[in-house]
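Student: Just dropping this structure here.
The values are calculated or read from the model by the stated rules, or taken from the named source; none is laboratory data. Keep in mind that what you see is a predicted model, and the values were worked out from it rather than measured. When we count neighbours, we look across all protein chains shown, and the Cβ atoms used for this are built from the backbone with ideal geometry, even at glycine.
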Amino acid sequence: MFLENTVNQKEQFGWIEVICGSMFSGKTEELIRRLKRAQFAKQKVEIFKPTIDVRYDDEMVVSHDANQIRSTPVPAAANIPILADGCDVVGIDEAQFFDDEIIRVCNDLANKGVRVIVAGLDMDFKGNPFGPMPNLMATAEYVTKVHAVCTRTGNLAQFSFRKNKSEDLVLLGETEEYEPLSRAAYYKATMREKIRTMKVNEAEEIKSKNKDA
């Protein structure tokens, strides 16, 4: 269980907390929980998300369970510092969609005494580290990795398997586009997709040769 850092008034530095995991693992739910606790304690809180995330609402940060908290959409990480001026706590959702400037922004805020809570996907749909998340995790004081439940095995899921054929790195979606898979299920699913693609390519190649003959 995550426990918030105790506040030492003699130490003026803040800290960074990263909440990471796959799709449907409860990252945003945990982010909202921590931010609402800070609001209840009368701390000054600001929440930010990338402007491209409009799946549920233009301004609200909304979890898959429909829990929500008001946020400020920003086009780039560089917009955050001035908007976060005077805050005790800053929350950032979908951090993987921000540019690398988010790493400096988070560390600068922490160095000024702000508690920074960041949530985001640690891996993209190909299973590779996603955007600035690895560097944020490396510089954070606290990293919480949450898991979904694999839709095929019932085991813990840490991979976000994309069900459609798009190769775009950034593709916002829900259960129609993604499903959480365990390591074994993800490996089998990607291998089946590779074999299917190879068969399609071979069929098209044979068809093209027959046409030219």
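Student: Out of the residues in the range 73-92 that are in contact (Cβ under 8 Å) with a residue 40 or more places away in the chain and assigned to a strand (DSSP E or B), state the one that is nearest to SER22 (Cα to Cα).
Tutor: ILE92
Student: For the range 132-151, which residues satisfy the criterion of being surrounded by fewer than 22 Cβ atoms within 10 Å (Cβ to Cβ), under 17 Å from the mean Cα position of the chain (by Cα) and either of a type in the set (A, V, I, L, M) or farther than 15 Å from GLU30 by Cα (or both)?
Tutor: Once the filter is applied, which keeps residues that are surrounded by fewer than 22 Cβ atoms within 10 Å (Cβ to Cβ), under 17 Å from the mean Cα position of the chain (by Cα) and either of a type in the set (A, V, I, L, M) or farther than 15 Å from GLU30 by Cα (or both), the range 132-151 yields PRO134, ASN135, MET137, ALA138, THR139, ALA140, VAL143, VAL146, VAL149.
Student: From ILE16, ILE52, which residue is modelled with pLDDT of 65 or more and in a loop (DSSP other than H, G, I, E, B)?
Tutor: The match here is ILE52.
Student: Still on this model: Consider the range 176-189. How many of its residues are among the hydroxyl-bearing types (Ser, Thr, Tyr) and touching a residue at least 60 places away in the same chain (Cβ under 8 Å)?
Tutor: 1
Student: Would you pick out the residues in the range 172-194 that are outside any loop (DSSP other than H, G, I, E, B), out of contact with any strand residue (DSSP E or B) (no Cβ under 7 Å at 6 or more places or on another chain) and among the hydroxyl-bearing types (Ser, Thr, Tyr)?
Tutor: Matches in the range 172-194: TYR187, THR190.
Student: Among the residues that make up the range 25-39, is at least one of them in a loop (DSSP other than H, G, I, E, B) and surrounded by 17 or more Cβ atoms within 10 Å (Cβ to Cβ)?
Tutor: yes
Student: Right, another one. Can you tell me how many residues within the range 115-171 are hydrophobic (A, V, I, L, M, F, W, C), assigned to a loop (DSSP other than H, G, I, E, B) and without any contact (Cβ under 8 Å) to a residue 12 or more places away in the chain?
Tutor: Within the range 115-171, residues that are hydrophobic (A, V, I, L, M, F, W, C), assigned to a loop (DSSP other than H, G, I, E, B) and without any contact (Cβ under 8 Å) to a residue 12 or more places away in the chain number 0.
Student: A further question follows. For the range 93-107, name all the residues that are free of Cβ contacts under 8 Å to residues at least 40 places away in the same chain and not in a helix (DSSP H, G or I).
Tutor: ASP99, ASP100
Student: Then there's this: Please pick out the residue among GLU167, GLU205, GLU179, GLU193 that is farther than 29 Å from GLU101 by Cβ, modelled with pLDDT under 75 and not basic (Lys, Arg).
Tutor: GLU205
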